[in-house]
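**Student:** Quick one: the structure is below, questions incoming.
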Amino acid sequence: MLALSWVHTAQAIKFTIAGQEASDARPFCISHHVEADTQVVVKVKVGNGPHQKVSVEVTDDSVHMGQFWKKDNLSEELQRGAFLNKLAGNVVACFTNVLASGYKPDPKYTRVVDVDFEIGSETIDYLKLAEKEKLKPMELELRKLEDLVKDVIEDMEHLQRREEKMRNTNESTNARVQWFSTMTMVVLIALGAWQIVYLKQFFRKKRLID
């Protein structure tokens with residue numbers, strides 16, 4: 001069984017993953033949409049659990065399934081994977097919890113996993129940036145605000161593109177429905193006219209009408 005709970009931010013997730021035999025192990029995946037050319041950091045911390053090995057693989061959802069980060073046998077220490085997402089799409093993190101040889105699935109064999117996606121400006125170490133560029137406290141806060149605004153604008157643009165895509169899909173569907181309705185009416189009218197002509201000819205042959 002898997003138990004999920006959202007914590008702190010929309011990018012942070014905490015869940016429990018049950019131990020499975022290696023032959024039957026099924027990954028549990030979570031995803032987050034990331035824009036093109038965006039820096040991403042995935043932080044993972046796994047709780048204590050004997051006789052279990054938790055692994056993670058981070059990929060994209062493209063047809064090529066590009067692999068960004070893979071880590072086997074995650075420990076209780078915080079693990080960090082950083083990469084640059086070059087194409088807009090979903091970044092997918094898949095976890096598996098495999099039991100040691102000779103152990104069978106049991107409710108007592110579970111491990112708690114904390115996952116945090118840091119995207120865009122969230123990945124910036126502002127303390128190092130301040131030292132490197134010799135920024136004053138006020139200048140550093142303004143830089144943080146500037147980066148935050150950029151992220152908000154990118155999110156709004158993404159939502160706008162999704163809205164346009166959905167609107168185009170709706171308009172295309174409506175046009176097809178209208179075309180289908182028109183063709184249905186034409187077919188019904190033609191069928192009705194044919195039935196009238198056929199019945200007239202039938203009744204004339206039977207001499208029921210002039």
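The values are calculated or read from the model by the stated rules, or taken from the named source; none is laboratory data. All of these numbers come straight from a predicted model, not from anything done at the bench. With ideal geometry, Cβ positions are generated from the backbone for all residues, glycine too; neighbour counts draw on all protein chains shown. The protein model used for the area step is the full one, side chains on, heavy atoms only, and it has no ligands, DNA or RNA in it. Shrake-Rupley method; radii C 1.70, N 1.55, O 1.52, S 1.80 Å.
**Student:** Within the stretch 79-124, which residues are open to solvent by 70 Å² or more (accessible area, probe 1.4 Å) and in a loop (DSSP other than H, G, I, E, B)? So that I can check it myself, show each step before the final result.
**Tutor:** Kept after step one, since they are open to solvent by 70 Å² or more (accessible area, probe 1.4 Å), are these residues of the stretch 79-124: 80, 84, 86-87, 101-105, 107-108, 122.
Scanning the stretch 79-124 gives Lys86, Leu87, Ser101, Gly102, Tyr103, Lys104, Pro105, Pro107, Lys108.
**Student:** Is there any pair linking a residue in the stretch 33-54 that is within 16 Å of Ala82 (Cβ to Cβ) and in a strand (DSSP E or B) to one that is polar (S, T, N, Q) and modelled with pLDDT under 90, with Cβ under 6 Å and at least six apart or on different chains, and which?
**Tutor:** Between residues of the stretch 33-54 that are within 16 Å of Ala82 (Cβ to Cβ) and in a strand (DSSP E or B) and residues that are polar (S, T, N, Q) and modelled with pLDDT under 90, the close pairs are Val34/Asn85; Thr38/Asn85; Gln39/Thr123; Val40/Asn85; Val41/Thr123; Val44/Gln79.
**Student:** Can we say Asp60 is charged (D, E, K, R), surrounded by fewer than 16 Cβ atoms within 10 Å (Cβ to Cβ) and either modelled with pLDDT under 85 or more than 26 Å from Tyr109 (Cβ to Cβ) (or both)? Give the steps one after another, and end with the answer.
**Tutor:** Numbers: charged (D, E, K, R): yes; surrounded by fewer than 16 Cβ atoms within 10 Å (Cβ to Cβ): no; either modelled with pLDDT under 85 or more than 26 Å from Tyr109 (Cβ to Cβ) (or both): yes.
Taking the combined requirement at face value, the residue does not satisfy it.
**Student:** So Lys132 ticks every box in (1) outside any strand (DSSP E or B); (2) touching a Ser or Thr at 6+ places or on another chain (Cβ under 9 Å); (3) open to solvent by 60 Å² or more (accessible area, probe 1.4 Å) but one. Which box is left unticked?
**Tutor:** Among (1) outside any strand (DSSP E or B); (2) touching a Ser or Thr at 6+ places or on another chain (Cβ under 9 Å); (3) open to solvent by 60 Å² or more (accessible area, probe 1.4 Å), Lys132 violates only (2).
**Student:** Under 7 Å by Cβ, and 6 or more places apart or on different chains, what pairs join a residue from the stretch 1-26 that is farther than 17 Å from Ala93 by Cβ with one that is in a loop (DSSP other than H, G, I, E, B) and modelled with pLDDT of 85 or more?
**Tutor:** Short answer, once both residue conditions are applied: Ala18/Pro105; Ala18/Tyr109; Gly19/Pro105; Gly19/Tyr109; Gln20/Arg26; Gln20/Pro105; Glu21/Pro105.
**Student:** Name the residue, out of Val34, Val113, Val7, that is β-branched (Val, Ile, Thr) and either modelled with pLDDT of 90 or more or over 21 Å from the mean Cα position of the chain (by Cα) (or both).
**Tutor:** Values: Val34 fails: either modelled with pLDDT of 90 or more or over 21 Å from the mean Cα position of the chain (by Cα) (or both); Val7 fails: either modelled with pLDDT of 90 or more or over 21 Å from the mean Cα position of the chain (by Cα) (or both).
Checking each option against the conditions leaves just Val113.
**Student:** Let me ask something else about it. For the stretch 82-102, which positions are within 18 Å of Pro50 (Cβ to Cβ) and at pLDDT below 90?
**Tutor:** Ser101, Gly102
**Student:** Hey, could you check the stretch 135-193 for residues that are open to solvent by less than 100 Å² (accessible area, probe 1.4 Å), more than 30 Å from His33 (Cβ to Cβ) and at pLDDT below 90 and say which is farthest from the chain's Cα centre (by Cα)?
**Tutor:** Looking at residues that are open to solvent by less than 100 Å² (accessible area, probe 1.4 Å), more than 30 Å from His33 (Cβ to Cβ) and at pLDDT below 90, I get Leu135.
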